[in-house]
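Computed from the coordinates by the stated procedures, all read-outs in this text should not be read as laboratory data. Source: prediction; values computed, not measured. Positions of Cβ are backbone-derived with ideal geometry, glycine not excepted, and every protein chain shown enters the neighbour counts.
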Amino acid sequence: MKLVRKFTVVALFIFSAPAFSFNQETSHFEKALLGPEQIKEAIAYQKEADKNQDVQPREGEKWFDVILGQEPIIISAPHATQPFRDGKYRFSDGGGTAALAIMLGKLTNSTVIFTTKASPSDPNYYDDNDYKVQLAELIKTQKPKLIIDIHGSHPFRPYDVDIGTMNGESLLGKDELLTKLIASLRNEGISNYSNNYFAASKNETITKFGAAHGVPTIQLEFSSVWMVPSDGNYESHRFAQLLQGMVRYVNSVNNAP
């Protein structure tokens, strides 16, 4: 009985208002950036991309889109729809990759490039396609300090996100870009990381392309369990956490000297 009383007193002391002081200057807690309206908008983008994932573009119709931003970051989602590789269409990474890319671009004023129809090529496997031509032009005009290439990963894989940097080479010496990324995502509850399982070093990836053009580039393979806001309340909540973490990350990169 004495032990129970002692524990109760200690617990009350720890969690009482005077004891639990909140220092706004030193705490990692921050005001939320997002509301339900942004997630509803993301769901609409996800559904649109999913609807068109296997729809081939008409002759002369573009199969990707660009939303220009003012900040020096480029966000790419090259597998939001089905890519064409080795003579056949492959599975898409899901419309959630387009939704994340578009909303991240809107909320950070960054430039976004993403597929909108089944692709006649694979921008993350080949260089000789219009997506890469457009990306090269964006690099020239936007002069980005970072390219983020967003993908979706099978839910059976054990990580929340696999970070591909060509085993560090695509960071071009700016290792702090990786440190900031992990810190931003961890603060939103994303805790299981994989290092270069998909290193983006094989074939003609966006990451290899960006680094070759002198821009630090990171490939992010997010588990699809974080990328399906249309599936329900829990899934929307997870997507909101992911989006908020990425917004904080991009803002931290933009605000760095």
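At 7 Å along the Cα-to-beta-carbon direction for both residue 109 and residue 41, put a label point, then send me their distance in nm to one decimal.
A separation of 1.5 nm, rounded to one decimal place.
Quote the charge dipole size of segment 33-255 about the Cα centre in Debye, to the nearest 20; the model charges only the Cβ of Lys and Arg (+1) and of Asp and Glu (-1).
About 240 debye.
Please give the contour-minus-distance gain from residue 252 to residue 234: 0.36 nm per residue of separation, less the Cα-Cα distance, rounded to one decimal in nm.
Separation in residues times 0.36 nm, less the Cα-Cα distance, equals 3.8 nm.
GNM on the chain, C-alpha springs below 10 Å: top fluctuator among 219, 134, 53?
Top of the fluctuation ranking is 134.
Tilt of helix 95-108 relative to the longest C-alpha principal axis of the chain, in degrees (0 to 90, nearest 10)?
So the helix axis and the longest Cα principal axis differ by about 70 degrees.
Taking springs between alpha-carbon atoms closer than 10 angstrom, which of 50, 149, 86 fluctuates most in the Gaussian network model of the chain?
86
I'd like the FRET efficiency for residue 172 and residue 70, computed as 1/(1 + (r/R0)^6) with the beta carbon distance as r and R0 of 25 Å, rounded to 0.05.
0.60
Here is the link list: 143/208; 117/208; 145/180. Which ones come out longer than 19 Å on Cα distance?
Too far apart for the 19 Å limit: 117/208.
For Cα pairs less than 8 Å apart in space and 6+ apart in sequence, what is the mean separation divided by the residue count of segment 128-257, i.e. the relative contact order in percent?
Once divided by the residue count of segment 128-257, the mean separation gives 34 percent.
For a quick check: sort 89, 45 by the number of other beta carbons within 10 angstrom, fewest at the front.
Going from sparsest to densest Cβ surroundings: 89, 45.
At a threshold of 8 angstrom on Cα-Cα distance, excluding pairs fewer than six apart, so keeping six or more, what relative contact order does segment 33-255 reach in percent?
Once normalised by length, the contact order is 24 percent.
Provide the FRET efficiency to the nearest 0.05 for the residue 58-residue 130 pair, computing r from the beta carbons and using R0 = 22 Å.
For R0 = 22 Å, the calculated efficiency reads 0.90.
Among residues other than residue 92 whose Cβ falls under 10 Å from its Cβ, what is the net charge (Lys/Arg +1, Asp/Glu -1)?
Neighbour charge sum, excluding residue 92 itself: -2.
So for the chain: antiparallel DSSP bridges make up what percent, rounded to the nearest 5?
35 percent
On a 0 to 90 degree scale, rounded to 10, what angle separates helix 130-142 from the longest Cα axis of the chain?
Between the helix axis and the principal axis of the chain, the angle is about 60 degrees.
Based on alpha-carbon centroids, what's the gap between segment 91-157 and segment 159-197 in Å, whole number please?
So the separation of the two Cα centres works out to 18 Å.
Which one of 72, 187, 142 is farthest out on the positive end of the charge dipole of the chain, using unit charges on Cβ (Lys, Arg +1; Asp, Glu -1) and the Cα centre as origin?
Of 72, 187, 142, it is 187.
Considering only 31, 132, 40, give the residue with the highest GNM mean-square fluctuation for the chain, with springs between Cα atoms whenever their separation is below 10 Å.
Residue with maximal mean-square fluctuation among 31, 132, 40: 31.
Enter the angle in degrees (range 0 to 90, nearest 10) between the Cα long axis of helix 36-51 and the first principal axis of the Cα atoms of the chain, meaning the one along which they spread out most.
30 degrees
Under a point-charge model restricted to the Cβ atoms of Lys and Arg (+1) and Asp and Glu (-1), what is the dipole moment magnitude of segment 135-244 relative to its Cα centre, in debye to the nearest 20?
280 debye
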